[in-house]
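The values are calculated or read from the model by the stated rules, or taken from the named source; none is laboratory data. Keep in mind that this is a model prediction, so the values were computed, not measured. Backbone-built Cβ (ideal geometry, glycine too); neighbour counts: all protein chains shown.
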Amino acid sequence: MNYKIITDKEKLLDFIEWLPDLEDNEKFYCSLFARKKYCSDLLHSNDKSQLKRFLSNKERLYEKIKQLEVEIGAYKLKSIDAPQASLALYINPNPRDLKRATYDGIIKLAELLKNGNSNYNPHAELMSCIQKSKSRNIYLDFDIDTKDFKLKELKNYINESCLQILETRGGYHVLVKLNEVEAKYKKTFYNKIVALGVDQTGDQLLPIPGCVQGGFTPHFIDLS
């Protein structure tokens, strides 16, 4: 048997189509985690254990995700097999800038060599630089960790046309497309949305619609 990562192919393909088109030197950053909070009876490690991370463009993203569906037991958490129920796949919807990450990576690796540090993984260091190297600020992500959030109140503080709402296992991600925010809301929407009960904001990892998230399938929903 194999791990199941894609749980709704059509939702995933629709999401890939929704993602912004990439420019030169840009890629999407994705990461597969095993999360203790989804499988606490089996896991006793940290909340997040990263199993795999990779880069992709839109054209190859479905294929790259499909390649994660390896034989059960291929993902390990120390001495145990990563449980299917613990898996969650994430993406940064804002593209990463590979040129900027290359500069940052060269500096980081040079510092490690200068300091005589021999206990490091160059690939891991460069991937971390890529994750931190946001290229364009297309989406602002409001992460909400409850299903009791009053989504309809958003209409009072921002134009609905710039919003995309992702329902997740434990709440929502409210994505604001910044270049579509109407002028009358630009100076006020952030603080007013945060005041509704937002846990985190910014350029964050997003559960991928149509893919696994601790036994749940994240999906876009209408605000109405």
Would you mind finding the one in Asn191, Asn117 that is surrounded by fewer than 12 Cβ atoms within 10 Å (Cβ to Cβ) and either part of a helix (DSSP H, G or I) or in contact with a helix residue (DSSP H, G or I) (Cβ under 6 Å, 6 or more places away or on another chain) (or both)?
-> Asn191
Looking at region 75-103, which of its residues are among the small types (Gly, Ala, Ser) and either free of Cβ contacts under 8 Å to residues at least 60 places away in the same chain or not in a helix (DSSP H, G or I) (or both)?
-> Ser79, Ala82, Ala88, Ala101
Lone unmet requirement of (1) surrounded by 15 or more Cβ atoms within 10 Å (Cβ to Cβ); (2) closer than 27 Å to Ile5 by Cβ; (3) touching a residue at least 40 places away in the same chain (Cβ under 8 Å) for Val174 = (3)
Boolean, Tyr185 is free of Cβ contacts under 8 Å to residues at least 60 places away in the same chain, closer than 29 Å to Glu23 by Cβ, among the aromatic types (Phe, Trp, Tyr) and surrounded by fewer than 18 Cβ atoms within 10 Å (Cβ to Cβ) = yes
Which ones in region 29-74 are crowded, with 17+ Cβ neighbours inside 10 Å, modelled with pLDDT under 95 and in a loop (DSSP other than H, G, I, E, B)?
-> Cys39, Leu43
Members of region 98-115 found to be touching an Asp or Glu at 6+ places or on another chain (Cβ under 9 Å) and over 21 Å from Leu22 (Cα atoms), listed by number = Gly105, Lys108, Leu109, Leu112
Number of positions in region 1-26 that are farther than 15 Å from Leu206 by Cβ and either in contact with a Lys or Arg (Cβ under 7 Å, 6 or more places away or on another chain) or not in a helix (DSSP H, G or I) (or both) | 14
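Pick out the one residue from Leu166, Leu140 that is within 25 Å of Leu22 (Cβ to Cβ), in contact (Cβ under 8 Å) with a residue 40 or more places away in the chain and touching a His at 6+ places or on another chain (Cβ under 6 Å). I'd like the intermediate steps shown before the answer.
Details: Leu140 fails: touching a His at 6+ places or on another chain (Cβ under 6 Å).
When all the criteria are applied, what remains is Leu166.
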Say whether the condition of being assigned to a helix (DSSP H, G or I), out of contact with any strand residue (DSSP E or B) (no Cβ under 8 Å at 6 or more places or on another chain) and over 25 Å from Ile130 (Cα atoms) is met by at least one residue in region 171-182.
-> yes
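Output the residues belonging to region 100-112 that are more than 21 Å from the chain's Cα centre (by Cα), within 24 Å of Tyr139 (Cα to Cα) and surrounded by fewer than 17 Cβ atoms within 10 Å (Cβ to Cβ).
Thr102 - this is the single residue of region 100-112 that is more than 21 Å from the chain's Cα centre (by Cα), within 24 Å of Tyr139 (Cα to Cα) and surrounded by fewer than 17 Cβ atoms within 10 Å (Cβ to Cβ).
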Scan region 194-206 for residues that are in contact with a helix residue (DSSP H, G or I) (Cβ under 7 Å, 6 or more places away or on another chain) and either over 30 Å from Ser128 (Cβ atoms) or of a type outside the set (S, T, N, Q) (or both) and jot them down.
-> Leu196
Number of positions in region 107-134 that are in contact with a Pro (Cβ under 9 Å, 6 or more places away or on another chain) and free of Cβ contacts under 8 Å to residues at least 24 places away in the same chain = 2
Taking region 161-178 and keeping only residues that are hydrophobic (A, V, I, L, M, F, W, C) and under 20 Å from Gly215 (Cα atoms), one is left with Ile165, Leu166
